[in-house]
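Colleague: For reference, the structure I am asking about is given below.
The values are calculated or read from the model by the stated rules, or taken from the named source; none is laboratory data. Because the structure is predicted, anything quoted here is derived from the model rather than measured. Cβ sites come from the backbone with ideal geometry, for glycine too, and all protein chains shown count toward neighbours. SASA here: full protein model, heavy atoms, side chains in, ligands and nucleic acids out. Shrake-Rupley method; radii C 1.70, N 1.55, O 1.52, S 1.80 Å.
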Amino acid sequence: MNTTPGQTPGGKANGISGTLKQIKQAFTAYQVAKATFLTSLSEFVSHLDPENLMLEELAKQDVIGILCCPLVSDVVPGSQASALQSLSALSAAAPVLSQSIVSSGILDSIIGLSLNHSSATVQAAADSVVESVAGASPNFAGRLLESGVVSGLCTQLTAPGQKMVKEAAVSAISALMSSHVTHAELICHQSPVLSILTDVLSVPPQPDRRGGNGGGGGGGGGGGEEDQSYALVQGVVRTLASTARYSAELAEFVVAGGSLPYIAGLVRGSHSVNTPPLLKATALNCLSHIARHNASLAEAVLQTGVANGAIACLTDVLVPKVRRAAVALLLQLAQKTPALAVAIVRDGAPAAVTRHLQLESSNPSDQLTGLTLVGTLASYTLESSKAMIDSGAANEMLVALKR
């Protein structure tokens, strides 16, 4: 038995036991200090001053380097998520910090590991980093695309999982799409993003229930995830709108993906629960972006049966954003061909647009689109012109001109 002179076996065992206890205490102290640091950093980041003095001091202390290595790869999910959330907030606050994230080499780890983490909180936090970095610069968004980020985001949207992850994934995709037209074209040509987003829309949305976390840890896709949240659907429709507005080609991609009937359904209120106003306005805007390019796309929009719903929205008294989005869509449709304009008139547009002009009488700039719609509808045929006069729309136009 190897013992030093004068040391008993029991004394040696007690010494080792004490050292083992100290090791545990040291690591516990590290975890506590790490948690305290991340909590403090989160507090700093959420209360940045307008002069960016706090941001400058954080940068001086190499906050990005500390977060990137090792905290964003921390084995404790809560610590990793907190580090990623702070990284996202810092990136959104200053593009120069996004540059530091890109140059640190951590993106590959975030895309390869954090996006596929078993923790939903870590996945959502990683998505927020992608969104912030992509929004900071088209070049940074291109770097993310080169790293294969779209594949990971598609996996999140198709796998059974929590709504918070899907919402964050859609926001990240939207930032990538919006960063540059070439990025949107690349994503549409080389990934199934549009068909996946359409699949999301195919599930009727339900009011958000933020009280619980759904199906536990995100393992076996239980029934709690069958209903989409309005926030998720809102994000999808906004992403499709920003894609369609770029060009006729990308708008045709959106149409070919099969999303039109679902977007029109949000305007018509065909789901069991009435569409919230903000989501309805977003759907109207999306259809407007699609229809604006050419007559063929406008006809595709009108064939969804959305005209009656859009006309009804013209007279929304409570939410100006809805009626203004509706008049913008109807103007895009009416300007394309005489047949489309006549169809809108026959669906009851004259009376509705007259009421719309009355509702916007105190807002001349917002009334302008409605006045343009009146002139457009009246210009094609005698029948349409007479309908605009009989409805009182022509008289409202005269009143507006005098004003």
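Colleague: For GLY216, work out the one condition from (1) at positive phi; (2) at pLDDT 95 or above it doesn't fulfil.
Modeller: (2)
Colleague: Return the residues of the range 21-61 that are farther than 16 Å from SER82 by Cβ and either among the β-branched types (Val, Ile, Thr) or in contact with a strand residue (DSSP E or B) (Cβ under 7 Å, 6 or more places away or on another chain) (or both); say none if nothing qualifies.
Modeller: ILE23, THR28
Colleague: If you go through the range 262-277 one residue at a time, do you hit one that is buried (at least 24 other Cβ atoms within 10 Å of the Cβ) and small (Gly, Ala, Ser)?
Modeller: Within the range 262-277, none of the residues are buried (at least 24 other Cβ atoms within 10 Å of the Cβ) and small (Gly, Ala, Ser).
Colleague: For LEU55, indicate whether it is part of a helix (DSSP H, G or I), in contact with a helix residue (DSSP H, G or I) (Cβ under 7 Å, 6 or more places away or on another chain) and not basic (Lys, Arg).
Modeller: yes
Colleague: Moving to a separate point now. With the requirement that a residue be in a helix (DSSP H, G or I) and either closer than 15 Å to ARG323 by Cα or among the small types (Gly, Ala, Ser) (or both), what does the range 375-403 give you?
Modeller: GLY375, ALA378, SER384, SER385, ALA387, SER391, ALA393, ALA394, ALA400
Colleague: Please work out if ALA291 is touching a Phe, Trp or Tyr at 6+ places or on another chain (Cβ under 9 Å), open to solvent by less than 10 Å² (accessible area, probe 1.4 Å) and not acidic (Asp, Glu).
Modeller: Criteria not met by ALA291.
Colleague: Between residues in the range 28-45 that are touching a residue at least 24 places away in the same chain (Cβ under 8 Å) and residues that are open to solvent by 70 Å² or more (accessible area, probe 1.4 Å) and part of a helix (DSSP H, G or I), which pairs lie under 8 Å by C-beta distance while being six or more apart or on different chains?
Modeller: SER42/GLN85
Colleague: Right, something else. Residue under question is SER82, and the condition is that it be of a type in the set (Ser, Thr, Tyr) and over 12 Å from VAL122 (Cα atoms); does it hold?
Modeller: no
Colleague: Which residues, counting only those in the range 312-321, are surrounded by fewer than 22 Cβ atoms within 10 Å (Cβ to Cβ) and aliphatic (A, V, I, L, M)?
Modeller: ALA312, VAL317, LEU318, VAL319
Colleague: Any chance you could count how many residues in the range 112-148 are over 14 Å from GLN80 (Cβ atoms) and either touching a residue at least 40 places away in the same chain (Cβ under 8 Å) or of a type in the set (Phe, Trp, Tyr) (or both)?
Modeller: Selection size over the range 112-148: 15.
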